[in-house]
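First, the structure itself, so that you have it in front of you.
The values are calculated or read from the model by the stated rules, or taken from the named source; none is laboratory data. Since the model is a prediction, treat every value here as computed from it, not as a measurement. Here the Cβ positions follow ideal geometry from the backbone for every residue, glycine too, while neighbour counts run over all protein chains shown. These area figures cover heavy atoms from the full protein model, side chains too; ligands, DNA and RNA do not enter into them. Shrake-Rupley method; radii C 1.70, N 1.55, O 1.52, S 1.80 Å.
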Amino acid sequence: MLSLQLPQIYCPFPSMLNPFAKEAEKHTTDWVSRFELVKSDKAWERFRRAKFAMLSARAFPTAGRFELCIAAEFNTWLFLLDDKNDESMFGKMDFLQMVHSFVTMILQNNAVVAPDEGMPLANSFADLWKRMKRIGSAAWQKRFVKSMTDYLDACLWEVENRMRHQAPAVADYIEKRPYTGALFADIELIEVLESIYLPDEVHAHETVKQLSLACNNVVCWANDLFSFDKERRQGDVHNLVLVLKEERGLSLEEAMNEAARMHDAEVRRFIALSESLPAFGEETNDELQRYITVLKAWMRANLDWSFGDTARYRMNITETASGNWLISRL
C-alpha cells in the first residue's frame, strides 16, 4: 500500500447540494443506459461507484430538475469520454480527432456522423446539445461552442505531448490546464442552468474573466492533487504535481506541497477579486453575486465529491488529527 500525506487545502466556501440530486442521479443512469455508454457489468459497477451526477448536484445547487439533469449528463459524458479514450483500440490521436470531428458537426450542423465505436458518444452528445439549445440564446450557444472547441483542442495538445514523450513546461501546463478540464464549458452552463443572465460587457470585464479563471484553476489543481498517483501509474505527465516535480527537480512531497500552495493562493485571489468588483448597477450586481455563489459552489463541490461521494480515484482519503489528509491507494 502506498500512503501519502496530502497537505490540507484551503476552501472556505460552504457545501451545497441541489434538492433534485437523487432524481438527477437516476435520470443520468437511465440516460447512460439508453445511449449504451456503459455496457459490461464491470463498467456499470465502476459507473455506480463514481457517482458522477453528485458532482453536478453540488456544483449547480439551485438549478431546476430539467437543468440539473443536463449538467449531470454533460459531466458524465466528459468523464466517460476520458475513460473511453483510455480504453480505445484507436491510437489516442485518432480517437480524439474522431470525437473532435463529430462534436464539431453536431454543434455547427446538428449532424451526427461517426464510426460505430463513436456512435454512443455522438448520439448522447447530440441529445445534450438539443436540450441545451432549448434554453440557451444564440449568443450563449456561440460561447459554449467555443468552450467545447477549446477543450477538444487542448486534449489533442496533450496527445501530441504523449506521442513525443514530452512533459510540458510548468508555464505551458498552467496555460492549457483550464481548457483540458472542460470547466470553461461548465462555467458557460451557469447562465442557462441557474438562470443567471449577465450582460456581454460584464462577461467581458477583466475582473469577471479572472474570477472564472481562478475558479477553474482551483478546481483543476485540486483535482491534480487527488489524481496524480493514478496518472503517475498510467505514465501520464499532465498533472500539476508531476510537472512541478519534473521541471523543478522536487521530491514528490515537495511537489505536492507546492501544488497545494498554488491552489490556496488561487483561492485567496478569487476572494480578493470577488471583493473588488466594479459597480455595474444594482440589478446586474445582484446577478453577478449569484454567479459568484455558483463559482464558489463549484470549488467546494469538487472537494466534497472527491472526498466523500466518488470512488473515481480508487483512494481512501481520511483527515488526520493534525488537519492533513492521508491518502492510501486501494
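Under unit Cβ charges (Lys, Arg +1; Asp, Glu -1), what dipole magnitude, rounded to 20 debye, does the chain have relative to its Cα centre?
It works out to roughly 700 debye.
Protein chains only, probe 1.4 Å: how do 236, 153 rank by accessible area, largest first?
From most exposed to least exposed: 153, 236.
Here is a further query. Grab the DSSP H runs of the chain that are 4 residues or longer, score each as -39,500 (n - 2.57), total them, divide by all residues and round the 222 nm result to the nearest 500 deg cm²/dmol.
-22500 deg cm²/dmol
A further question on this structure: Kindly report, to the nearest 10 Å², the accessible surface of residue 149 as traced by a 1.4 Å probe over protein heavy atoms only.
Spelled out: residue 149, probe radius 1.4 Å, area about 50 Å².
Something else now. Tell me the carbon and sulfur percent of the accessible area for the chain, rounded to whole percent, probe radius 1.4 Å.
Result for the chain: 50 percent of the exposed heavy-atom area is carbon or sulfur.
Per the Kirkwood treatment, what hydrodynamic radius in Å, one decimal, follows for the chain from the mean inverse distance over all distinct Cα pairs?
In the chain this quantity evaluates to 20.5 Å.
Please report how many Lys pairs in segment 62-197 have alpha carbons closer than 22 angstrom, counting only residues at least 8 apart along the chain or sitting on separate chains.
Counting lysine pairs in segment 62-197 gives 9.
Let me ask something additional. What ranking do 94-100, 161-167 get when scored by the average of other Cβ atoms within 10 Å per residue, highest first?
Per-residue Cβ counts within 10 Å, averaged per peptide and sorted highest first, yield 94-100, 161-167.
Round to the nearest 10 and report in Å² the accessible area of residue 283, as given by a 1.4 Å probe over the protein chains' heavy atoms.
For residue 283, the solvent-accessible surface is approximately 150 Å².
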